[in-house]
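Notes follow the structure.
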Amino acid sequence: MLAGEYGRAVEYAMRIQAGVGRVFGAKRMVPITRAHVALSAQDADLWFVEKLVGLGGKCKIPPTVNPSINLAYLNKHLVEIPKAGVDIVSATNAAYRKIGAVLSFSCTPYLQQNVPSFGEVIAFSESSATPYVNSVFGARSNRESSQSALCAAITGLVPEYGLLLDENRLAEVLVEVKADIRTDFDYQLLGWCYPLKHPGPEVPAFVGIEERPTPEGFMNFGAELNTSGSVAMYHFVGITPEAPDLAAAFGGKAPRHRVTITKDDIEDVRRRICGAPGKIDFAMFGCPHLTIRQVGDIARIAEGKRFAVDVWILTSSLTRELADRMGYLDTITRAGGHIITDTCIDVPPCWYPYYGKSAVTDSPKCAYYNEIRKIAFKIRPLEKAIEAALVGEVRE
Amino acid sequence: MSGSCSFACSPISGGRCSGPALISDEAVCFYLVEPETGVVVEKGHALEGRSMEGTILVAHAGKGSSVVQMDGLFKITKHGKGPVGVVLRNPDPVFVSALLIMEIPSVYAVEESFFETLKDGQTIELDADAGVLRLLSR
């Protein structure tokens, strides 16, 4: 492949992958069965995908892709997107279509469209997706960048290192959770908290989680682990598939590090990141994209009521279609809210009318990545945040 | 007067360059660097207010999502305000693939004594092809 017999795009992609493999001590390349690319419609993203298209690139493994901007919806319902934004989004979408990507525009491919099985070797970028596929499913992916995942989609191979090897999937950090972690929102706080207690790259194993988290709980947990830190895999002992017990999680060895997370630690995170009560200008949900259950929860609270501020619910096209069939879309639309597909909270410049405003969300990741746009998010559990959007104020 | 000492290392992306050392003892995120000036704008960062332009960045590690690291490095490089070379102490796949794609001469697995000897601003000659870092004294 490096010799160019499969074309210039494969040669170029393989050169980058071989470089990564060399740095991390890979002995060989191994085939993948799935890929997910964190499309972002930002400058580097467009430059790289167009470069591969220019070299004649075509994906051997068609990857699903992250959201960017739903231009038509925002033009109609929020603001006219500036020409520079329209141009880069249109060009990016065209290039990904040409290279053979699946234009799913969702950041939760592991819940719909691109769901791996136990042991499957895959190349997933999107920092919240990587921990989900490794930890919850037991599939095997390193923390790919969007570019290295696209290279893998082109060649159909990845260098074999890191989390592709049994020994690197074992836990080295024992995390004792001595706080009551139950709700989906509790997992936002726990996910944010852990890297602050132990910033190292080792795989952690958590004990003290009493109930199996919902898919949304796992989703929130992985997203926050990779916002306040960088954790590509974890175990919940007795819950996730590679950790039926402590011995399995640690491969029979003793933990190299021990961390305890107390109720006070969780409360400390809440105090530091969640923000004080007060007026809000808008509400934003869907980082990561909301599931149909979460959309249903919102509809039940908003039924027969009217939002006091703009409400944006970001989700996949499939989930919006389901919401339409189930009546949630009508309920939320009548309340004055929006369910928008294919869109990310972090793609400039689509949300610029809200720069400098205050808002509510259920997602610490959404709040963090919007700090550079001077949007002050208060963070509350989804149901509390919806209640706040109905009155225009976070009251507690 | 000039003298030099050499340190072995392994290449990430090939090439040769030289420039003053810009040392970051904490992880670097290129998204929080102003593209037009190469100046680090991350609040409270060890390099806050300093420019990467023309330097050899000696980074403890990288940080940032699978998207932002590459986008940041791309933008400062396009403006000609990026580092000319990188010494990466703790490689991660996202940082490494960004260096390979941007073809910035860069190395890892450097002899530990390099980090003890090196002073901020000291001129480094980086030869990724030969796997050598040379420190020039004034």
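The values are calculated or read from the model by the stated rules, or taken from the named source; none is laboratory data. What you see is a predicted model, and the numbers here were worked out from it, not measured in a lab. Reconstructed Cβ throughout: ideal geometry from the backbone, glycine too, with neighbour counts over all protein chains shown.
Output the residues belonging to the stretch B:63-78 that are facing another protein chain (nearest Cβ under 9 Å) and either at pLDDT 90 or above or over 14 Å from A:Glu144 (Cα atoms) (or both). Give the derivation first.
Of the stretch B:63-78, the ones facing another protein chain (nearest Cβ under 9 Å) are B:63-75, B:78.
Listed by number, the residues that qualify are B:Met70, B:Asp71, B:Gly72, B:Leu73, B:Phe74, B:Lys75, B:Lys78.
Of all residues in the stretch A:263-294, which are farther than 18 Å from A:Ile379 by Cα and surrounded by 14 or more Cβ atoms within 10 Å (Cβ to Cβ)?
Hits for the stretch A:263-294 are A:Thr291, A:Ile292.
Based on what the data block shows, is A:Gly119 away from chain B (no Cβ under 14 Å) and closer than 21 Å to A:Leu318 by Cα?
Details: away from chain B (no Cβ under 14 Å): yes; closer than 21 Å to A:Leu318 by Cα: no.
In short, no.
Just checking, does the stretch A:354-361 include any residue being among the β-branched types (Val, Ile, Thr), under 20 Å from A:Pro277 (Cβ atoms) and touching a Lys or Arg at 6+ places or on another chain (Cβ under 6 Å)? Full working, then the answer.
To start, the set of residues in the stretch A:354-361 that are among the β-branched types (Val, Ile, Thr) comprises A:360-361.
So of that shortlist, the ones also under 20 Å from A:Pro277 (Cβ atoms) come out as A:360-361.
This time we only want the ones that are touching a Lys or Arg at 6+ places or on another chain (Cβ under 6 Å), so: A:360.
So far as the stretch A:354-361 goes, yes, one or more of its residues are among the β-branched types (Val, Ile, Thr), under 20 Å from A:Pro277 (Cβ atoms) and touching a Lys or Arg at 6+ places or on another chain (Cβ under 6 Å).
Just give me the residues in the stretch A:239-264 being in contact with a Phe, Trp or Tyr (Cβ under 9 Å, 6 or more places away or on another chain) and farther than 14 Å from A:Glu172 by Cα, in sequence order.
A:Ile239, A:Thr240, A:Pro241, A:Ile261
Among the residues of the stretch A:112-128, which ones are in contact with a Pro (Cβ under 6 Å, 6 or more places away or on another chain) and modelled with pLDDT under 95?
Correct list: A:Ser128 only.
B:Pro91: more than 9 Å from every other protein chain (Cβ to nearest Cβ) and touching a strand residue (DSSP E or B) at 6+ places or on another chain (Cβ under 8 Å), yes or no?
Values: more than 9 Å from every other protein chain (Cβ to nearest Cβ): no; touching a strand residue (DSSP E or B) at 6+ places or on another chain (Cβ under 8 Å): yes.
No.
Given (1) in a helix (DSSP H, G or I); (2) under 17 Å from the mean Cα position of the chain (by Cα); (3) within 14 Å of chain B (Cβ to nearest Cβ), identify the lone condition not met by A:Ser135.
The single condition A:Ser135 does not satisfy is (3).
Determine if the stretch B:115-124 includes at least one residue that is in contact (Cβ under 8 Å) with a residue 12 or more places away in the chain and within 25 Å of A:Ser230 (Cα to Cα). Don't jump to the end; show me each part of the working.
Of the residues in the stretch B:115-124, the ones in contact (Cβ under 8 Å) with a residue 12 or more places away in the chain are B:115, B:117-124.
In the following step, the residues that additionally are within 25 Å of A:Ser230 (Cα to Cα) were identified as B:115.
Checked against the condition, which is being in contact (Cβ under 8 Å) with a residue 12 or more places away in the chain and within 25 Å of A:Ser230 (Cα to Cα), the stretch B:115-124 yields at least one hit.
Please determine whether any residue of the stretch B:119-135 is in contact with a Phe, Trp or Tyr (Cβ under 6 Å, 6 or more places away or on another chain), aliphatic (A, V, I, L, M) and within 8 Å of chain A (Cβ to nearest Cβ).
Looking only at the stretch B:119-135, we keep the residues that are in contact with a Phe, Trp or Tyr (Cβ under 6 Å, 6 or more places away or on another chain), and these are B:133.
With the extra rule that they be aliphatic (A, V, I, L, M), the set shrinks to B:133.
With within 8 Å of chain A (Cβ to nearest Cβ) added as a condition, the list becomes none.
The answer is no; no qualifying residue exists.
Being under 30 Å from A:Gln112 (Cβ atoms), touching a helix residue (DSSP H, G or I) at 6+ places or on another chain (Cβ under 7 Å) and away from every other protein chain (no Cβ under 14 Å) is the filter here; which residues of the stretch A:31-56 pass it?
A:Ile32, A:Val53 - these are the residues of the stretch A:31-56 that are under 30 Å from A:Gln112 (Cβ atoms), touching a helix residue (DSSP H, G or I) at 6+ places or on another chain (Cβ under 7 Å) and away from every other protein chain (no Cβ under 14 Å).
Is it fair to say B:Ala98 is touching a strand residue (DSSP E or B) at 6+ places or on another chain (Cβ under 6 Å) and either at pLDDT below 95 or within 14 Å of chain A (Cβ to nearest Cβ) (or both)? Reasoning before the result, please.
On the way: touching a strand residue (DSSP E or B) at 6+ places or on another chain (Cβ under 6 Å): no; either at pLDDT below 95 or within 14 Å of chain A (Cβ to nearest Cβ) (or both): yes.
Criteria not met by B:Ala98.
Taking B:Val86, is it in contact with a strand residue (DSSP E or B) (Cβ under 6 Å, 6 or more places away or on another chain) and more than 11 Å from chain A (Cβ to nearest Cβ)? Working first, answer last.
Values: in contact with a strand residue (DSSP E or B) (Cβ under 6 Å, 6 or more places away or on another chain): yes; more than 11 Å from chain A (Cβ to nearest Cβ): yes.
In short, yes.
Name the residues in the stretch B:101-113 that are within 14 Å of the chain's Cα centre (by Cα) and either surrounded by fewer than 14 Cβ atoms within 10 Å (Cβ to Cβ) or away from every other protein chain (no Cβ under 14 Å) (or both), would you? Spell out how you get there, then give the answer.
If we filter the stretch B:101-113 for residues that are within 14 Å of the chain's Cα centre (by Cα), which is where we start, we get B:102-110.
Answer for the stretch B:101-113, where residues must be within 14 Å of the chain's Cα centre (by Cα) and either surrounded by fewer than 14 Cβ atoms within 10 Å (Cβ to Cβ) or away from every other protein chain (no Cβ under 14 Å) (or both): just B:Glu103.
A:Arg15 versus (1) in contact (Cβ under 8 Å) with a residue 24 or more places away in the chain; (2) within 14 Å of chain B (Cβ to nearest Cβ); (3) among the charged types (D, E, K, R): which is the lone unmet condition?
Exception for A:Arg15: condition (1).
Could you check the stretch B:24-55 and list, in sequence order, the residues that are crowded, with 20+ Cβ neighbours inside 10 Å and touching an Asp or Glu at 6+ places or on another chain (Cβ under 7 Å)?
Once the filter is applied, which keeps residues that are crowded, with 20+ Cβ neighbours inside 10 Å and touching an Asp or Glu at 6+ places or on another chain (Cβ under 7 Å), the stretch B:24-55 yields B:Tyr31, B:Gly38, B:Val40.
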